[in-house]
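For reference, the structure is listed below as structure tokens.
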Amino acid sequence: MIVLGIETSCDETGIAIYDGAKQKLLANALFSQIDLHAQYGGVVPELASRDHVAKLIPLTKEVLRDAGLMLEDIDAIAYTAMPGLVGALMVGATFAKTLSYMLDIPTIAIHHLEGHLLAPLLNEDAKPEYPYVALLVSGGHTQLIAVKSFGQYELLGESIDDAAGEAFDKTAKLLGLPYPGGPHLSKLAEKGRAQKFTFPRPMCDRPGFDFSFSGLKTAVLNTWQAGEDQNEQTKADISYAFQEALVDTIAIKCKRVLKHTGMKNLVVSGGVSANKNLRLVLSELALKNHWQVFYPPLEFCTDNGAMIAIAGAYRLANGFVDKDMMITVKSRAALSML
Ligand code: KG4
Ligand code: ZN
């Protein structure tokens, strides 16, 4: 079964084609709106929706051409239905429903986080086997989820305030780095020196698997404002210490959760899973504790259509398709809602 995947939940228009029978990604196209929103220091929802409208048709043509397929070869259309910016989600959902009406094929509503959860399966060399613990670290979410099998998700812990990506972005902003701050802060941290600053590892002294990152951002703000040397080296040193504290906190919770569940596979996904330092620390921890750790291919860590197409292929194989033509999108929704 050939599935067209459509992602429009935020500031990336992603379209991809996945072959469920061959378990192979046939084509992928992405347009990132980063430049459009950079001047405002964050995503402007109305501009995001308008740009998705402009990009959906050209990107769909592009993936069909790359895969050597015609629209009539598509068996089902998967689209991100939740969570996300409602206007942006509506654009993708309306496009999906229109194509489905035209082609008389089903649509499949996908939870954006399920897409991130399944993105490591796009890695043809190292696919995780069930059961596994998934660490979802994106701009909107930081969650630890026990994945027993496809569709069996149990939330074990999450951030009670800022998501990891949000903490990266807000901290970067207060250090005067460009939007989106995560990758910029991480790059700057490479020039930082160890042990110049130390920030707290929030909530690690308490039992449980929840996170809290907003205090870390405040600690950085206080350090930066109190410092007399507000130069590039200080900025790099602070970035180093911030990243170290955040990564260390995540590693402590992953270790705790793997011990608690007895699972041996850790899957790391979402935009922050592109972070080199996080990958290094988690891979070292896995080696030491005899677990295996899996990541999506780098290009599929951040939002993309391929993860929606693969999630659609799995949903289709398990008999989940939309029952009617109603367009139902949600700005917030727990993963188990679908
Ligand atoms: O998954 P994603 O594309 O969008 C959401 O669903 O939120 O994640 C975007 C987030 C942003 O906060 C961005 O700064 C962060 O992922 N990010 C990174 C890196 N690459 C992306 N954070 C730290 N280091 C990176 N290399
Ligand atoms: Zn995402």
Legend entry - Violating pairs (Cα-Cα greater than 19 angstrom) within the set K148/K259; K187/K255; K253/K288; K55/K323: K187/K255; K55/K323
Inset, instruction - Could you run the Karplus curve 6.51 cos²θ - 1.76 cosθ + 1.60 with θ = phi - 60° over the stretch 300-307 and give me ³J(HN,Hα) per residue in whole Hz, x for Gly and Pro? - result: 10, 6, 7, 4, 6, x, 4, 5
Legend entry - aspartates and glutamates whose Cα lies under 18 Å from that of K127, excluding same-chain neighbours fewer than 8 positions away: D19, E114, E299
Inset, instruction - Tabulate in residue order the Karplus-calculated ³J(HN,Hα) for the stretch 170-181, using 6.51 cos²θ - 1.76 cosθ + 1.60 with θ = phi - 60°, rounded to whole Hz; enter x for Gly and Pro. - result: 5, 5, 4, 4, 6, 8, x, 8, x, 7, x, x
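Counting only protein chains, not ligands or nucleic acids, how are V272, V86, V44 ordered by accessible area (probe 1.4 Å), most first?
Values: V272 15, V86 70, V44 45 Å².
Result of the area sort, largest leading: V86, V44, V272.
Using the 2.2 N^0.38 Å rule of thumb for compact globular proteins, work out how the stretch 7-49 stacks up: its C-alpha Rg over that value, please. Before the final figure, lay out the partial values.
Working: Rg = 13.9 Å, N = 43, 2.2 N^0.38 = 9.2 Å.
Here the Cα radius of gyration is 1.51 times the empirical estimate.
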Inset, instruction - State the Cα centre-to-centre distance between the stretch 185-205 and the stretch 118-134 in whole Å. - result: 29 Å
Legend entry - Whole-number D in µm² s⁻¹ for the stretch 51-112, Kirkwood Cα-pair radius fed into Stokes-Einstein, 37 °C, 0.692 mPa s: 269 µm²/s
Legend entry - Cα-based Rg and Dmax for the stretch 299-338, where Dmax is the largest Cα-Cα distance (Å): 12.0, 33
Inset, instruction - Provide, for q = 0.19, 0.20 Å⁻¹, the log10 of I(q)/I(0) from a solvent-free Debye sum over equal Cα point scatterers in the stretch 9-141. - result: -1.25, -1.34
Inset, instruction - Report I327's accessible area, 1.4 Å probe, all protein chains in place, as a number in Å² to the nearest 10. - result: 60 Å²
Inset, instruction - Amide H neighbours of S159 under 5 Å, at least 5 residues apart or on other chains, H built in the peptide plane: list them. - result: T142, F211
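Just to confirm a number: summing +1 for Lys and Arg and -1 for Asp and Glu over residues other than L64 whose beta-carbon lies under 11 angstrom from that of L64, what do you get? Don't skip to the answer; put the middle values down first.
Values: positive: K61, R65; negative: E62, D66, E72, D73.
Net charge around L64: -2.
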Inset, instruction - Scan around D322 for amide H atoms under 5 Å from its own, H built in the peptide plane at 1.01 Å from N, and keep only partners 5 or more places away or cross-chain. - result: T107, I108, A109
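Could you work out the mean projected area of the convex hull around the alpha carbons of the chain, in square nanometres to one decimal? Intermediate results must be reported in sequence, preceding the final value.
Values: hull surface 66.4 nm².
Taking a quarter of the hull surface, the average projection is 16.6 nm².
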Inset, instruction - Determine the relative contact order of the stretch 48-171: mean sequence separation of Cα pairs under 8 Å and six or more apart, normalised by residue count, in whole percent. - result: 16 percent
Legend entry - 3J(HN,Hα) from dihedral phi, the stretch 190-195, Karplus parametrisation 6.51/-1.76/1.60, rounded to Hz, x for glycine, proline: 4, 8, x, 9, 5, 6
Legend entry - Degrees, to the nearest 10: 276-289 long Cα axis against longest axis of the chain: 90 degrees
Inset, instruction - Heads up, I need the accessible area for D73: 1.4 angstrom probe, whole protein in place, Å², nearest 10. - result: 60 Å²
Inset, instruction - Within the set of other residues whose C-beta is less than 11 Å from the C-beta of V44, count the net charge using Lys and Arg as +1 and Asp and Glu as -1. - result: -2
Inset, instruction - Could you state how much accessible area L30 has, in square angstrom rounded to the nearest 10, with a 1.4 Å probe and all protein chains kept in place? - result: 80 Å²
Legend entry - Prolate/oblate/rounded label for the stretch 79-161 (Cα gyration tensor, a/c 1.5): oblate
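With contacts defined as alpha carbon pairs under 8 Å and 6 or more residues apart, what's the relative contact order of the stretch 127-246 in percent? All intermediate terms of the calculation are to be shown ahead of the outcome.
Numbers: 205 pairs, mean separation 30.1, N = 120.
In percent, rounded to a whole number, it is 25.
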Legend entry - For the stretch 148-197: relative contact order, % (alpha-carbon pairs under 8 angstrom, 6 or more apart): 21 percent
Legend entry - the stretch 120-261 - Rg over Rh from alpha carbon coordinates, Kirkwood radius: 1.02
Inset, instruction - Once you have a ≥ b ≥ c as the square roots of the Cα gyration tensor eigenvalues for the stretch 253-323, tell me rounded if a/c is under 1.5, and otherwise prolate or oblate according to whether a/b is larger than b/c. - result: oblate
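The values are calculated or read from the model by the stated rules, or taken from the named source; none is laboratory data. The shown structure was predicted, so the numbers you read here are calculated from the model rather than taken from an experiment. Ideal geometry is used to build each Cβ from the backbone, glycine not excepted, and the neighbour counts take in all protein chains shown. Note: areas computed on protein heavy atoms with side chains; ligands, DNA, RNA excluded. Shrake-Rupley method; radii C 1.70, N 1.55, O 1.52, S 1.80 Å.
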